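Below: the structure, in structure tokens.
The values are calculated or read from the model by the stated rules, or taken from the named source; none is laboratory data. Owing to the predicted nature of the structure, the values given are computational and were not obtained by experimental measurement. Reconstructed Cβ throughout: ideal geometry from the backbone, glycine too, with neighbour counts over all protein chains shown.
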Amino acid sequence: MTVRVDAAAHGDVRVSAKGRGAVRAAARLLAIACLAPGLSGSLQAGQTQASAAMPASGARNVGSYVTYITRNGDTLYDIAGRYLRDPRDWAVLSRLNHVSAPRRMPAGIALRLPADRLRQNPESARVIATSGPADHAFGNGPYVPLVQGATLGEGDHIRTGHDGFVTLELPDGSHVTLTQDGMLDVGSLRRTVLTGSADRILQLHRGEVQSEVTHATKKDDRFQIRSPSVVAGVRGTRFKVAYDGDTRITSVEVLDGAVGVDPAARHDAPAIRPGMPLQASAQLVKARFGSVTRTGDTVGAPLALLPAPALIAPAKVQDGKTVAFDLVPTEGAQAYRVQIARDADQLDLIRDLRVSAPQADFDDLADGTYFVRIAAIDAHGLEGLPQVYAFERRQVGLAASGAPRAGSRDYEFRWFVSRSTGETRFRFVLAATADLRQPIVDRTDLSGGELVVSDLPAGVYYWTIVAEQFDNGRFYETSSAVRSFTLAQ
């Protein structure tokens, strides 16, 4: 077999051989000859081999270059047209790899492609939940209301008002929720054609972003939340980033996995480029920890998050005028956060309240099944680990009144319910003390809406009416307020 490599001909290779084995040997030799100086040695040492399986495209990431393995008949024109942003960059490939542009190449040759010139296709995020005031604008266009099912992409600005929430689903199944009074820009949402790696960058200007990111499958997959203070990058985890424009502080809280946190001024630094490990970040924040960073300062050290608080009477049916939750106080808590959503994953948020005491009340919540998420907030402003409970909202209006009958010592009581989806039974309790522990009258299983008590002696009395309903396989009980009246001599 004779193999001739003519450097003067810009990489023109002539092979004269018999048999398939000779062709394969020539291709391997040509692959090394076509590489830029210094790269062939690294290939021989095995330093450019990816630890994971090679993508179907035949590309491997090598630092700031991507190695492409040719297919039979490839030309530089073809490769540039398929995989580079500008097809005219075939000339770059020619100079970089010392290969003559017109030549068709056999399969198996390793070519270097500059990573910063690779073609990327734009992707879109889908709005899967929205509640309250929430709108978006593209570029410098006007803001319009967001609706479920809408698609957003690079250049879109999202904002929410009080009790406004938006949840986006990304193409890989990741979810991002912008909570109330927030502002978020979609900076980058694209996928590289050759490698299939995804690049997702969101810019947080105000408020909080809750993210559940699908674990990265490719080395160059990148997901970042950027605020004026920090850049938070992940490979797949549940975490939150909140920015307070008044204090210029960004807090990062990690529930699962780990988050690499860098100062915002280093957004182009190698530590957070695609393909760099999270450990190379200025700070690595692991699960159950958070960090607090003021704009312009170094990244805050990891701080342990408070444990999840517990809810008192979690099985209670919320049947009052307001929806009220009582929490077991958490040691070290300076405040608490209580959120209500239509789903257990808290993707469809509808209420969000921060309170200084372990008790929260919500108005105007329609009947239905909901999920409440509670967490304690520490002295640094970091929100601790959450706990989620299901609860039922079933408001039953129970009106009751009592009055003496004229000319007698009888007392007449009346009541009615504003909601009855089935049969309602009532219980009437009358006592001489406000705690009703020793009832004078205790009538159960009443079906009507009135009762007369006769021959009561003079004194002060206390009473209540309890409505009992059995609906959809569940028992419900609603009591009126304890009322009192006085019978004179």
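Quick notes on this one:
- Meets criteria (at pLDDT 95 or above, under 28 Å from Asp220 (Cβ atoms) and outside the structural domain of Thr177 (by TED's automatic domain parsing)) for Arg126: no
- Residue list for region 360-375, restricted to those being exposed (fewer than 15 other Cβ atoms within 10 Å of the Cβ) and in contact (Cβ under 8 Å) with a residue 12 or more places away in the chain: Asp361, Asp363, Ala366, Asp367, Gly368, Thr369
- Close pairs from region 136-149: first modelled with pLDDT of 95 or more, partner among the β-branched types (Val, Ile, Thr) and in a strand (DSSP E or B), Cβ under 6 Å, at least 6 apart: His136/Ile158; Leu146/Val127; Leu146/Thr130; Leu146/Val166; Gln148/Val127; Gln148/Thr130
- Test: residue in region 356-369 that is under 22 Å from Gly182 (Cβ atoms) and of a type in the set (Val, Ile, Thr): no
- Any hit, region 159-170, residues being surrounded by fewer than 14 Cβ atoms within 10 Å (Cβ to Cβ), not acidic (Asp, Glu) and not assigned by TED's automatic domain parsing to the domain that holds Val234: no
- Some residue of region 304-320 being over 26 Å from Ser131 (Cα atoms) and not in a loop (DSSP other than H, G, I, E, B): yes
- Residues that are in contact with a strand residue (DSSP E or B) (Cβ under 9 Å, 6 or more places away or on another chain), of a type in the set (D, E, K, R) and more than 19 Å from Ala242 (Cβ to Cβ) do occur in region 308-323, at least one of them.
- Among the residues of region 332-359, those that are over 17 Å from Ile128 (Cβ atoms), in a loop (DSSP other than H, G, I, E, B) and touching a residue at least 24 places away in the same chain (Cβ under 8 Å) comprise Gly332, Ala333, Gln334, Pro358.
- Within region 137-155, the set of residues being small (Gly, Ala, Ser), out of contact with any strand residue (DSSP E or B) (no Cβ under 6 Å at 6 or more places or on another chain) and within 16 Å of Thr167 (Cα to Cα) comprises just one member, Gly149.
- Any chance Asp181 is in a loop (DSSP other than H, G, I, E, B) and either in contact with a Gly (Cβ under 6 Å, 6 or more places away or on another chain) or outside the structural domain of Thr237 (by TED's automatic domain parsing) (or both): yes
- Filtering region 460-483 to residues that are under 15 Å from Gly402 (Cβ atoms) and either exposed (fewer than 12 other Cβ atoms within 10 Å of the Cβ) or acidic (Asp, Glu) (or both) leaves Val460, Ala481.
- Residues of region 171-218 that turn out to be of a type in the set (Val, Ile, Thr), buried (at least 20 other Cβ atoms within 10 Å of the Cβ) and under 12 Å from Pro122 (Cα atoms), as a count: 2
- Failed criterion for Leu365 (all others in (1) modelled with pLDDT of 95 or more; (2) outside any strand (DSSP E or B); (3) under 29 Å from His175 (Cβ atoms); (4) of a type outside the set (Val, Ile, Thr) hold): (1)
- Residue match in region 297-314 (condition: assigned by TED's automatic domain parsing to the domain that holds Ser131 and of a type in the set (Ser, Thr, Tyr)): yes
- When region 361-385 is filtered for residues that are over 13 Å from Ala333 (Cβ atoms) and not aromatic (Phe, Trp, Tyr), the ones remaining, listed by number, are Asp361, Asp363, Asp364, Leu365, Ala366, Asp367, Gly368, Thr369, Val372, Arg373.
- Test: residue in region 394-406 that is of a type outside the set (Val, Ile, Thr), over 25 Å from Asp319 (Cβ atoms) and in contact (Cβ under 8 Å) with a residue 60 or more places away in the chain: yes
- Filter result (of a type outside the set (Gly, Ala, Ser), free of Cβ contacts under 8 Å to residues at least 24 places away in the same chain and over 20 Å from Arg409 (Cα atoms)) within region 436-455: Arg437, Gln438, Thr444, Asp445, Leu446
- Identity of the residue in region 390-413, outside any strand (DSSP E or B) and within 53 Å of the chain's Cα centre (by Cα), that ends up nearest to Asp345 (Cα to Cα): Arg394
- Yes/no for Thr67 being hydroxyl-bearing (Ser, Thr, Tyr), assigned by TED's automatic domain parsing to the domain that holds Val209 and in a strand (DSSP E or B): no
- Checking Thr217 against (1) touching a Lys or Arg at 6+ places or on another chain (Cβ under 8 Å); (2) modelled with pLDDT under 95, the condition it does not meet: (1)
- Only a single criterion out of (1) among the charged types (D, E, K, R); (2) surrounded by 16 or more Cβ atoms within 10 Å (Cβ to Cβ); (3) outside the structural domain of Ile225 (by TED's automatic domain parsing) is not satisfied by Asp156, namely (3).
- Asp297 meets all of the listed conditions (1) loosely packed, with under 14 Cβ neighbours inside 10 Å; (2) over 30 Å from Ala264 (Cβ atoms) but one, namely (2).
- Count of region 414-456 residues which are under 15 Å from Ser479 (Cα atoms) and in a strand (DSSP E or B): 16
- Matching strands (runs of 3 or more DSSP E) fully within region 189-255 where at least 3 residues are among the small types (Gly, Ala, Ser) and either in the same structural domain as Phe165 (by TED's automatic domain parsing) or within 15 Å of the chain's Cα centre (by Cα) (or both): 198-212
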